Amino acid sequence: MTTIYDVAERAGVSPATVSRVFNGTNVSPEKVEAVRRAAAELEFTPNRAARALRTQSAEVIALVIPDIENPYFTEMARGVEDVAAEAGYSVVLCNSDSQTEKEAAYLRIAVAEHMSGVIIATADESTSLDALRAAGRPVVAVDRGTRYDIDGVVMANRAAGASAAEDLLAAGYRRIAYIGGPEHIDTAAERAAGWRSALVAAAPESDPDELARFATFRVDGGRAAMEELLALPEPPDAVVAGNNLIGVGAIQVLTEHGLTPPAVGVAVIGSLPFTTLSPRAVTVVRLPARHMGVTAARMLLDRIGGDDQPARTEVLHGEVLSASAGRD
């Protein structure tokens with residue numbers, strides 16, 4: 001389906017100019033003619049109901065994320081902002097702290113202030129988007145799925161968990177633990193499922209679940225779970241950290257116990273934002289967070305521009321940077 005980006009490229013203008021032409025706002029006659037000619041050539045017709053709604057909305061997008069201090073989400077936010085700014089939209093950043101009440105308050109504000117749309121990484125499965133949908137505001141989910149039939153951009157989380165465990169197995173580790181965020185968050189559960197499948201494939205008789213721990217997605221969650229794992233009668237010889245901050249917490253505890261890699265293997269899903277270890281010491285399954293933000297913002301702008309195709313989900317894959325490969 002043709003989008004405003006296709007029309008903008010054909011007309012030689014920005015996506016924001018295309019949006020303004022079809023919204024009836026002030027644009028030079030030359031640009032109006034170029035846009036309408038390009039739209040006709042590409043057979044692009046904005047949805048009339050969506051166009052009527054847009055004339056009553058501000059050129060503002062709400063981005064609702066669970067933790068603004070997490071570099072993963074700030075990187076994602078940068079991708080959203082870059083695309084939105086190019087299209088003439090401003091972004092309001094809302095930090096929910098993974099609290100459904102706080103998240104709900106931000107979503108009410110998005111409706112009350114007639115924001116054009118919302119990009120959201122939901123606090124949990126109980127998040128309600130009913131008011132937004134009733135108001136006709138487009139919504140794109142990022143990082144996590146929802147119970148709604150809406151557009152989304154997610155990571156290949158199961159594959160990321162499997163890749164992290166497989167890299168540690170290839171390095172010779174066998175008793176590999178997993179520390180994830182809250183188990184009811186699908187990113188944590190899916191990464192755990194990938195880790196589990198890799199261990200069972202390597203040793204069908206094994207019971208990896210004894211080495212699974214679910215905590216918060218923060219540094220303190222990684223610390224508490226790593227302390228608990230080290231206190232086992234037979235501690236793990238390696239650990240997969242379900243996100244970047246969990247990885248930091250786990251490495252802090254290992255360091256305090258004199259067990260820095262490779263004494264205990266570590267693989268981190270996401271990135272390793274701050275550590276005193278050499279980057280060669282830890283396997284990282286790097287997730288394209290900025291690309292997720294870029295993709296989500298483009299999806300949302302397409303919907304704002306009148307795209308009425310069925311909801312779709314984009315799945316992005318991580319890149320394994322192996323500790324055993326001698327990374328730069």
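The values are calculated or read from the model by the stated rules, or taken from the named source; none is laboratory data. Bear in mind the structure is a predicted one, so any value in this text is a computation, not a measurement. Note that each Cβ is placed from the backbone with ideal geometry, even for glycine, and that neighbours are counted across all protein chains shown. Remember, those area values only see protein heavy atoms, side chains included, never the ligands or the DNA or RNA. Shrake-Rupley method; radii C 1.70, N 1.55, O 1.52, S 1.80 Å.
Pairs meeting the criteria (first residue in segment 143-160 and more than 10 Å from Asp186 (Cα to Cα), second residue among the polar types (S, T, N, Q) and surrounded by fewer than 18 Cβ atoms within 10 Å (Cβ to Cβ), beta carbons under 6 Å, at least 6 apart or on different chains) are Gly152/Thr313.
Evaluate the following for His317: is it in contact with a helix residue (DSSP H, G or I) (Cβ under 7 Å, 6 or more places away or on another chain), in contact (Cβ under 8 Å) with a residue 40 or more places away in the chain and open to solvent by 60 Å² or more (accessible area, probe 1.4 Å)? Against the criterion (in contact with a helix residue (DSSP H, G or I) (Cβ under 7 Å, 6 or more places away or on another chain), in contact (Cβ under 8 Å) with a residue 40 or more places away in the chain and open to solvent by 60 Å² or more (accessible area, probe 1.4 Å)), His317 qualifies. The residues of segment 127-145 that are more than 20 Å from Ile109 (Cα to Cα) and either open to solvent by less than 20 Å² (accessible area, probe 1.4 Å) or among the polar types (S, T, N, Q) (or both), listed by number, are Asp143, Arg144. Scanning segment 199-237 for residues that are under 28 Å from Gly152 (Cβ atoms), open to solvent by 10 Å² or more (accessible area, probe 1.4 Å) and touching a strand residue (DSSP E or B) at 6+ places or on another chain (Cβ under 9 Å) yields Ala212, Arg213, Phe214, Ala215, Phe217.
Scan segment 170-187 and give yes if some residue there is touching a Lys or Arg at 6+ places or on another chain (Cβ under 7 Å), assigned to a loop (DSSP other than H, G, I, E, B) and either open to solvent by less than 60 Å² (accessible area, probe 1.4 Å) or at pLDDT below 95 (or both), otherwise no. Taking every residue of segment 170-187 in turn, at least one turns out to be touching a Lys or Arg at 6+ places or on another chain (Cβ under 7 Å), assigned to a loop (DSSP other than H, G, I, E, B) and either open to solvent by less than 60 Å² (accessible area, probe 1.4 Å) or at pLDDT below 95 (or both). Checking each residue in segment 119-138 for being touching a strand residue (DSSP E or B) at 6+ places or on another chain (Cβ under 8 Å) and without any contact (Cβ under 8 Å) to a residue 60 or more places away in the chain picks out Ile120, Ala121, Thr122, Thr127, Leu129, Leu132, Arg133. In this entry, Ala49 passes the filter for residues that are open to solvent by 20 Å² or more (accessible area, probe 1.4 Å), part of a helix (DSSP H, G or I) and at pLDDT below 75. Scanning segment 65-93 for residues being more than 30 Å from Val13 (Cβ to Cβ), buried (at least 20 other Cβ atoms within 10 Å of the Cβ) and touching a strand residue (DSSP E or B) at 6+ places or on another chain (Cβ under 6 Å) gives a total of 2. Residues of segment 146-169 that are in contact with a Leu (Cβ under 6 Å, 6 or more places away or on another chain) and open to solvent by 20 Å² or more (accessible area, probe 1.4 Å): Tyr148 alone. Among the conditions (1) under 24 Å from Val320 (Cβ atoms); (2) in a strand (DSSP E or B), the only one that Val140 does not satisfy is (1). Going residue by residue through segment 234-251, is there one that turns out to be farther than 25 Å from Glu75 by Cβ and part of a helix (DSSP H, G or I)? Checked segment 234-251: no residue is farther than 25 Å from Glu75 by Cβ and part of a helix (DSSP H, G or I). Checked against the criterion of being among the aliphatic types (A, V, I, L, M), within 30 Å of Tyr5 (Cβ to Cβ) and touching a Gly at 6+ places or on another chain (Cβ under 8 Å), the candidates Val118, Val91, Val140 yield just one match: Val140. Scanning segment 273-287 for residues that are part of a strand (DSSP E or B), over 23 Å from Asp186 (Cα atoms) and more than 24 Å from the chain's Cα centre (by Cα) turns up nothing.
Here is the figure for segment 123-161: residues that are of a type in the set (Val, Ile, Thr), more than 22 Å from Ser271 (Cβ to Cβ) and modelled with pLDDT of 95 or more total 3. For first residues located in segment 83-112 and closer than 27 Å to Thr216 by Cα and aliphatic (A, V, I, L, M), partners that are modelled with pLDDT under 95 and in a helix (DSSP H, G or I) and lie 6+ apart or on another chain with Cβ distances below 7 Å form the pairs Leu107/Ala131; Leu107/Leu132.
Does segment 13-41 hold any residues that are at pLDDT below 80, open to solvent by 40 Å² or more (accessible area, probe 1.4 Å) and either farther than 21 Å from Val60 by Cβ or not small (Gly, Ala, Ser) (or both), and which are they? Correct list: Arg20, Thr25, Asn26.
Do we have any residue at all in segment 146-156 that's under 21 Å from Ile251 (Cβ atoms), small (Gly, Ala, Ser) and either in contact with a strand residue (DSSP E or B) (Cβ under 6 Å, 6 or more places away or on another chain) or part of a helix (DSSP H, G or I) (or both)? No, every residue in segment 146-156 fails to be under 21 Å from Ile251 (Cβ atoms), small (Gly, Ala, Ser) and either in contact with a strand residue (DSSP E or B) (Cβ under 6 Å, 6 or more places away or on another chain) or part of a helix (DSSP H, G or I) (or both).
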